[in-house]
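For reference, the structure discussed in these notes is given below.
The values are calculated or read from the model by the stated rules, or taken from the named source; none is laboratory data. Everything numeric here is computed off the predicted structure, so don't read it as measured data. Here Cβ is always computed from backbone atoms with ideal geometry, including for glycine, and neighbour counts include all displayed protein chains.
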Amino acid sequence: MELVKNKETVEGYRLIAGYLGVIFILVGIIVFLPLLTLIAYPEEIENAKYFVIPGIISIFIGYSLSFLIKGKKKGDLHKHQDALIVIAAWIISIFVCAFPFIMTGKYNFTQAVFEATSGFSTTGLSVVDVTVTPKIFLMFRSIMLFFGGVGLVLVMTSVISDAYGMRLYNAEGHSDKLVPNLAKSARMIITIYSGYIFSGTVLYVIFGMKPFDALNHSIAALSTGGFSTKAESIGYYNSVPIETITIVLMLFGGTNFLIHLFLLKGKFKNFFQHCEVKFMLFITAAALPIFGFLLFSGFSYDISESLRVSIFHIISSITTTGFQTVPTFNNWSSSLLFLTVILMLIGGGAGSTSGGIKLYRVYTAFKDLYWTVRDKFSHKRIIRSDSIIRFGQKEKVDKAFKTEVYSFIGIYIFIFLIGTFIFTLFGNTLENSMFEFASALGTVGISVGITGFDAHPAILWTTICGMILGRLEIYIVFLGMIRLFSDMGNKIRGRS
């Protein structure tokens, strides 16, 4: 009778390294994908080496690390190790994808990391001059937006089992498990995401965009990334149909994917009852006349043009996309900049591709204010259960939920103030510093010119930190770092 040997159980940092091997392989594939651009633009073949070399190295490292867990039983992740894996996955992706930019000799290390971070965080701030940049690099930026928007770990969990992927999936900020099976849920999200991009591309082409530009803008709009192939962004086309398509894609990108499922299944009541959808519609309706009036009174726009510019930039700001139809924001009034900052700080839906504080948190804070005032004037014997409608059902808002909401908002605003202060240290006005860092932390990408190719390295690294914190929603970064330093401390104490 043949004895069955128990598989070796892998856990701790060896298990983490094995998971990161999957990320290295995935990133290697991502770096190879821009080479497909050469089919349409073979004259750019000389740029292939910038992608082939880092792609091969990344896949080789990943394949080597995968042997740590291949054919072995995977143990449980310890407390907050899931956060550590997610942080490491994003850092690996950013640094590997920075190398094609570095290898060109046109960008230094800081600039390259900045561009890659902006791509994966779906921010859209850039040090790249799109008027002279090869198309293979423009497509590379959009590919980073695609994977950053849908989520690196979401893609990873589409190929690994539920048992090992769920904690990573949640740690990256996803709450949109569409079906009971996690891997199938991840694939469904990617399918919906890709379907929207294809539809957007086709519509863009129909209304006058070239296919290459259409694909890039469709990815950028849905991922709420804002990278454009034109220096003037969407304003280059001066087309109402193109702006309308962009608005729809931005709204889709700023909405939780579980809510998309309601829409696709025709459950319109559940879709419009979702607190984030209602709140976004309310904010848009409230901001539109104010924006319109300020543009009408401050610029040479007529009423229709004021409303057209207003609706586009309200949606672009609150979905944290960063597309624009105006040449610059430097001539905007302080009141317009202030309103835009507020929208960028609020952000889009939880579990969407957008950044910001997130609509449900701000909505809960306003509802709690209403509940507090209501209870002050109500009969003390009346007992009410506070709730909000999320994902088609009532969700109780207890004290713990409120504490989490207010804690996150407080930390977010604190980081926003720190970043703003750092920007002012380099001679920037308070107004511009608030606008630029709100754009970075909210992963928006609208700029008044503080960040760019010639920006001071400290400005760029502050922005890089802001983009990462904004994309990963702060807590996960703190938890991962606490876990890492705690393990390092324990190891040092163990040796002493």
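A few points about this structure:
- Tabulated pairs, segment 279-291, first in contact (Cβ under 8 Å) with a residue 40 or more places away in the chain and crowded, with 17+ Cβ neighbours inside 10 Å, second among the polar types (S, T, N, Q) and part of a helix (DSSP H, G or I), C-beta under 8 angstrom, 6+ apart or interchain: A287/S310; F291/S306; F291/S310
- Meets criteria (modelled with pLDDT of 90 or more and at positive phi) for G392: no
- Among all residues of segment 144-153, there is at least one that is crowded, with 18+ Cβ neighbours inside 10 Å, modelled with pLDDT under 95 and at positive phi.
- Sole exception among (1) touching a residue at least 24 places away in the same chain (Cβ under 8 Å); (2) surrounded by fewer than 24 Cβ atoms within 10 Å (Cβ to Cβ) for G119, by number: (2)
- Looking at segment 260-334, the helices (runs of 4 or more DSSP H) lying wholly inside it that each contain 3 or more residues that are modelled with pLDDT under 90 and either farther than 27 Å from G449 by Cβ or in contact with a helix residue (DSSP H, G or I) (Cβ under 7 Å, 6 or more places away or on another chain) (or both) sit at 268-273.
- Residue count, segment 356-382 (criterion: modelled with pLDDT of 85 or more and part of a loop (DSSP other than H, G, I, E, B)): 3
- Residue within segment 330-351 that is more than 26 Å from E431 (Cα to Cα) and out of contact with any Phe, Trp or Tyr (no Cβ under 6 Å at 6 or more places or on another chain) present: yes
- As for segment 247-258, it holds at least one residue that is surrounded by fewer than 21 Cβ atoms within 10 Å (Cβ to Cβ), more than 23 Å from F366 (Cβ to Cβ) and at pLDDT 95 or above.
- Note on segment 43-147: enclosed helices (runs of 4 or more DSSP H) holding 2 or more residues that are over 30 Å from I234 (Cα atoms) are 49-66, 81-103.
- Yes/no for L343 being surrounded by fewer than 21 Cβ atoms within 10 Å (Cβ to Cβ) and modelled with pLDDT of 95 or more: no
- Beta carbons closer than 8 Å, at least 6 apart along the sequence or on distinct chains, pair a first residue in segment 398-422 that is without any contact (Cβ under 8 Å) to a residue 40 or more places away in the chain with a second that is assigned to a helix (DSSP H, G or I) and exposed (fewer than 12 other Cβ atoms within 10 Å of the Cβ) for T420/L430.
- Considering (1) surrounded by 16 or more Cβ atoms within 10 Å (Cβ to Cβ); (2) touching a residue at least 40 places away in the same chain (Cβ under 8 Å); (3) outside any helix (DSSP H, G or I), the lone condition that A231 does not fulfil carries the number (1).
- All of (1) modelled with pLDDT under 95; (2) surrounded by fewer than 17 Cβ atoms within 10 Å (Cβ to Cβ) hold for K49 with one exception: (1).
- Tabulated pairs, segment 125-145, first farther than 13 Å from F101 by Cβ, second modelled with pLDDT of 95 or more and acidic (D, E), C-beta under 7 angstrom, 6+ apart or interchain: K135/E44
- Residue within segment 472-486 that is more than 18 Å from the chain's Cα centre (by Cα) and under 25 Å from T328 (Cβ atoms) present: no
For (1) touching a residue at least 24 places away in the same chain (Cβ under 8 Å); (2) farther than 26 Å from P211 by Cα; (3) touching a helix residue (DSSP H, G or I) at 6+ places or on another chain (Cβ under 9 Å), each residue gets a yes or a no:
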{"position": "L33", "(1), (2), (3)": "yes, no, yes"}
{"position": "I56", "(1), (2), (3)": "yes, yes, yes"}
{"position": "I61", "(1), (2), (3)": "yes, yes, yes"}
{"position": "A83", "(1), (2), (3)": "yes, yes, yes"}
{"position": "I91", "(1), (2), (3)": "no, yes, yes"}
{"position": "P100", "(1), (2), (3)": "yes, no, yes"}
{"position": "F114", "(1), (2), (3)": "yes, yes, yes"}
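- For segment 354-375, the criterion of being over 30 Å from F414 (Cβ atoms), β-branched (V, I, T) and within 26 Å of the chain's Cα centre (by Cα) is met by none of the residues.
- Filter pass, K376 being in contact with a strand residue (DSSP E or B) (Cβ under 9 Å, 6 or more places away or on another chain), surrounded by fewer than 16 Cβ atoms within 10 Å (Cβ to Cβ) and farther than 30 Å from W461 by Cα: no
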